[in-house]
Every structure is written in structure tokens, then in C-alpha cells.
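The values are calculated or read from the model by the stated rules, or taken from the named source; none is laboratory data. Every value quoted in this text rests on a predicted model; they were computed, and no experiment measured them. Please note: Cβ atoms are built from the backbone with ideal geometry, for glycine as well, and neighbour counts cover all protein chains shown. What goes into the accessible areas is simple: the full protein's heavy atoms, side chains included, and nothing from ligands, DNA or RNA. Shrake-Rupley method; radii C 1.70, N 1.55, O 1.52, S 1.80 Å.
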Amino acid sequence: MSGIEEREPLITPALPANRSGYGTGENVMNPSARDAMSKFVVNNVAGESGRKLPQYIAGLAASGGALAAGTFLGWTAPTDKPLTEKGEYGFPISDEAFSWIGSISNLGAAVMCFPIGYMMKMIGRKWSMLSMVLPLVLGWLLIIFAENVAMMMVGRFFLGVGGGAFCVAAPTYTAEIAQPSIRGTLGTFFQLMVTVGILFVYAVGAGVDVQVLSIICGVIPLAFGVIFFFMPESPYYFVEKGRYSEASSSLKWLRGAQYDEAAEIEDLKQADEKVKAEAIPMLVAFRQKATIRALIISLGLMFFQQLSGINAVIFYNSAIFASANGGNEMSSASIIVGGIQVAATLLASAVVDKVGRRILLLVSDFMMAVSTILLAVYFQLKQDDPSKVDDLSWLAVLAVCLFIAMFSIGYGPVPWLMVGELFANNVKAFASPVAGVFNWLLAFLVTKIFTNLKDGMGEAGVFWLFSGISLLGTVFVFVMVPETKGKSLNDIQRLLAGEKLSTEQNGTEAREDERDPPMA
């Protein structure tokens with residue numbers, strides 16, 4: 001899967017401790033009173049005040065949309081054989097038809113990359129996400145009551161529309177409601193919940209038929225809608241629209257009733273004004289050296305992310321295990337794969353700001369190449385003489401698990417993170433969706449042609465191809481991708497433009513990240 005954030009979230013400035021009018025007066029409290037406060041309250045030494053628990057609640061509520069997206073991404077793995085071989089729905093579904101059912105959701109997601117950005121500006125982040133409940137529910141209803149392949153395809157397309165929109169809107173919302181000290185944690189909720197959704201489908205799909213599984217999945221967006229309805233709108237959206245009293249109410253909800261929001265609202269105003277003042281035409285932006293290089297890197301990362309074969313492995317891992325003689329154990333193997341994906345995503349969120357983006361990408365891509373080489377060798381041996389692999393069925397399962405783990409710690413989340421870092425704020429509005437559309441279209445291509453490639457090249461040939469692409473991706477990262485860890489957005493733009501940054505400048509300016517303005 002791809003996780004997916006095409007719109008750079010708000011970066012709220014961290015305020016100094018002695019800023020007048022900011023905080024709840026905690027700086028004058030005695031130590032014992034301060035220690036008695038909730039663990040979700042941070043004092044002004046960190047430049048923040050206010051409660052954190054409401055922000056966690058709102059962030060988790062928004063990530064319910066990611067859970068819904070994860071269910072449609074994982075749905076094809078446990079439903080492949082029941083639909084194509086067992087005919088559970090009472091009408092024939094060929095492997096070719098199922099490849100369309102599995103892949104067309106990516107087209108729906110690609111269609112929404114640009115419109116959801118405009119929707120968030122027009123009606124707000126909250127109502128944009130709530131409106132996506134409609135296509136998600138409609139999509140599941142079409143699948144639940146499908147009488148032919150066409151109904152299933154239309155249903156999957158609508159699921160892609162809703163899920164793709166969440167991949168843009170939910171990370172934007174969670175970043176805009178969070179204070180800097182917890183923004184990274186809230187930012188990991190989305191990718192984590194996507195993997196939880198995939199694991200959920202694998203686990204439930206192992207015990208129920210396709211229709212019951214689809215009904216259960218259809219309840220998730222409804223539950224999300226009920227819960228998220230009571231969450232506040234992003235304060236930055238209200239500031240964008242000049243609705244300052246509503247922005248104040250939103251911040252009071254998110255930070256606590258005793259929070260003095262005046263200084264934060266003023267900072268949001270200044271950030272909004274700066275972004276609008278720096279706006280430039282799209283054609284001018286794409287003539288800038290830094291933007292051109294950022295686009296090449298972003299599209300390259302998306303290309304190698306999808307052409308590694310990740311969606312083919314996620315969508316068809318049950319078939320892979322079956323081909324590897326997994327037999328009756330293939331459902332439990334899929335659950336194990338889902339669990340590994342969740343654990344590896346948690347690990348990535350913990351280390352990405354410590355070890356850096358570039359090293360994670362290099363290790364991730366190289367090890368994915370090793371994994372697909374193992375799969376290619378296994379299926380080559382099986383093709384030459386099936387008796388050679390009688391005792392090697394574990395090798396394919398191990399290779400798939402390694403592949404999923406390595407993808408999840410690097411090439412899964414990092415390309416989307418870097419899209420937000422590489423583009424200047426005044427070009428993100430049209431550059432980031434380009435990367436998103438490219439990613440989803442590639443995901444469609446890979447999932448659509450995987451079956452055809454397997455039939456034409458054989459299973460071994462397909463995985464030899466994926467391994468070769470991953471090795472090329474490792475070279476691409478080594479040659480083209482800069483390390484962005486610890487650099488301000490301004491430093492990154494200078495780096496992309498060809499300037500050399502001194503160590504002293506990096507150390508001085510690395511702390512500026514949280515003071516860069518949000519995307520308009």
C-alpha cells in the first residue's frame with residue numbers, strides 16, 4: 001500500500017516560553033502543582049501549553065478514515081479464491097475480471113487527488129472527510145449486493161474515491177490540529193491505521209465469506225462518520241476563511257477550556273498571509289531548479305515504490321502462498337503478513353527522525369530486492385522440478401514477510417514524507433497532487449497487469465523483474481535522493497538548488513522546521 005499524503009500539513013510555530021498572552025500561567029505555578037497536572041499537559045518551557053488528550057482523540061477519530069482505506073486495500077487478498085474459484089457470488093469471475101476488480105480502486109483514488117484539495121479549501125477538512133462516507137458506503141453496498149462483475153468494479157471504484165480522499169485529508173487534518181510536540185506521533189496514526197485495516201480484513205476474511213466480510217467493512221465508514229461528526233474543524237481552515245471566533249472555539253476544544261489561544265491564532269494568521277504572499281503560477285514554479293529536482297526525486301520514489309511489486313504482494317499474497325504450497329495455512333500466513341506490516345510501520349515511525357530518510361530507503365529497497373530474488377529462485381526451482389521445493393515452502397513465506405517488513409520501514413512511508421519536505425510551500429498545492437496521481441496510477445498498473453505478467457513470464461519471471469527494479473531503485477536513492485533529516489524546509493530548497501550547506505548552518509537552522517508556514 002501506499003500511504004499517502006499529497007498535501008503538506010500545517011506546521012504550527014513553536015512559541016517561546018516568555019511570549020506574552022500565551023499559555024495558562026503554568027510558568028508561575030509551584031513544582032508540586034505542576035506535577036499534579038495531567039501528563040497530557042506540557043509547560044511553557046517547551047513553548048506549549050494546553051491539554052494533549054483532546055488532540056489524540058481527534059487524531060485517532062480522523063484516522064478512522066485510514067482504517068476504512070486499509071480495509072479496501074486488503075480486501076482482495078482473502079476474496080480472490082472464493083470469488084474466482086468457488087463462485088461464492090453465484091456468477092463467474094475470471095482471473096482477468098478479478099484483476100480489474102482489484103485494481104480499479106486505484107483509479108478512483110487517483111481521480112480524487114486534486115478535487116479533495118479544493119474541497120478542503122471550500123468546505124473544510126472535517127466536512128470533506130465526512131462527505132467521503134457516502135462513496136465508501138455506496139461502494140460497499142454495490143459489492144455486498146453485486147449481481148455481476150460490473151457492479152463489483154463500480155463499487156471498488158467508489159471505495160477508491162473515498163479511500164484516496166482520506167489519504168490526503170486525514171494527514172492534513174491531524175497535522176493542523178496538533179501542537180508541535182505531538183505532531184509526529186499523530187502523523188503516524190494514518191499509516192498505522194491503514195496497516196491495521198489491512199490486518200483486520202486478513203483476520204476477519206479468514207473466518208467469514210466474502211459478503212459477510214464486505215458487510216463488516218461497510219460498517220467501518222459509518223462508525224467513522226458518527227464519531228468524527230463530534231470532532232472540531234481544523235483551526236487553520238477557520239483562519240484561512242477569516243472566521244477567527246470559530247478558530248478560537250476549535251483551539252479551546254483541542255487544547256482545553258483554560259488555554260489562551262490568542263497567540264496561536266495570531267501565528268496562524270501570519271503563516272496564512274505568508275503563504276498567500278508567496279504564491280506563484282504553476283508554470284513559473286516548474287521552471288525553478290529546486291522544483292524540477294524535487295519533482296524528479298518525488299516521481300522517482302513513487303515509481304520505485306510501486307514497481308517494487310508491493311500492491312501485487314498485498315492484493316495477491318494468498319495466491320502467492322497457495323502457489324508456494326502454503327495449502328490450508330495461507331489464510332493464517334496472510335494474517336502474519338498483516339501483523340508484520342503493522343509492527344514494521346510502528347518501527348519506522350520510531351526511527352525515521354533518528355536514522356534519517358535516505359538510509360531507510362537504501363536498506364528498504366535493497367532488502368526488498370533480496371526478498372524478491374528469494375521468491376524468484378523459489379518459483380524457478382518449482383518450475384524446473386516441483387520435487388525440489390517440497391521442503392522449501394517456508395522460503396516463499398519468509399521472503400514475503402521480509403518484503404513486507406522492509407517495505408513498511410522505508411519505501412512505504414518515507415516517499416510520502418519526502419514529498420512534503422522536498423517541495424517549497426508555494427508550489428505544494430499543485431506539485432504534491434502530481435506525485436499522488438502518479439503513485440495511484442502506477443498502483444493501478446501493477447495490480448492490473450500482475451496476473452497478465454504472471455501468465456506471460458511465469459511467477460519466477462515476475463519476481464526477477466521486481467528484484468531488478470528494486471536494485472535500480474537502490475541506485476536511484478544513492479545517486480539522487482538527499483538526506484532531509486534535521487534540515488529546515490529552506491535548507492532543503494537551497495540544497496535542491498545546488499547550494500552547499502555548512503555544518504554550522506545546518507545546526508543553526510535545523511530547528512526552523514516547525515516555523516515554516518503551512519501550505520495554502
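Things worth noting here:
- Those residues of the stretch 390-412 which are at pLDDT below 80 and surrounded by 20 or more Cβ atoms within 10 Å (Cβ to Cβ), in sequence order: Ala396, Val397
- Residues in the stretch 42-59 that are at pLDDT 80 or above and of a type in the set (Ser, Thr, Tyr): 1 in all.
- Pick from the stretch 276-294, criterion among the hydrophobic types (A, V, I, L, M, F, W, C) and surrounded by fewer than 20 Cβ atoms within 10 Å (Cβ to Cβ), ranking: modelled with the highest pLDDT: Ile292
- Residues in the stretch 430-459 that are β-branched (Val, Ile, Thr) and open to solvent by 20 Å² or more (accessible area, probe 1.4 Å): Val434, Val437, Ile449.
- Boolean, Pro232 is surrounded by 17 or more Cβ atoms within 10 Å (Cβ to Cβ) and under 30 Å from Ala405 (Cα atoms): no
- Failed item, numbered, when Phe200 is tested on (1) touching a helix residue (DSSP H, G or I) at 6+ places or on another chain (Cβ under 6 Å); (2) more than 21 Å from Gly124 (Cβ to Cβ); (3) among the aromatic types (Phe, Trp, Tyr): (1)
- Taken together, the residues in the stretch 197-216 that are part of a helix (DSSP H, G or I), hydrophobic (A, V, I, L, M, F, W, C) and at pLDDT 90 or above amount to 8.
- Filtered residues of the stretch 88-111 (kept if open to solvent by 20 Å² or more (accessible area, probe 1.4 Å) and either closer than 19 Å to Gly65 by Cβ or β-branched (Val, Ile, Thr) (or both)): Ile104, Val111
- Val370 being buried (at least 21 other Cβ atoms within 10 Å of the Cβ), aliphatic (A, V, I, L, M) and not assigned by the TED database to the domain that holds Val194: no
- Enumeration of residues in the stretch 460-487 that are open to solvent by 10 Å² or more (accessible area, probe 1.4 Å) and of a type in the set (S, T, N, Q): Thr474
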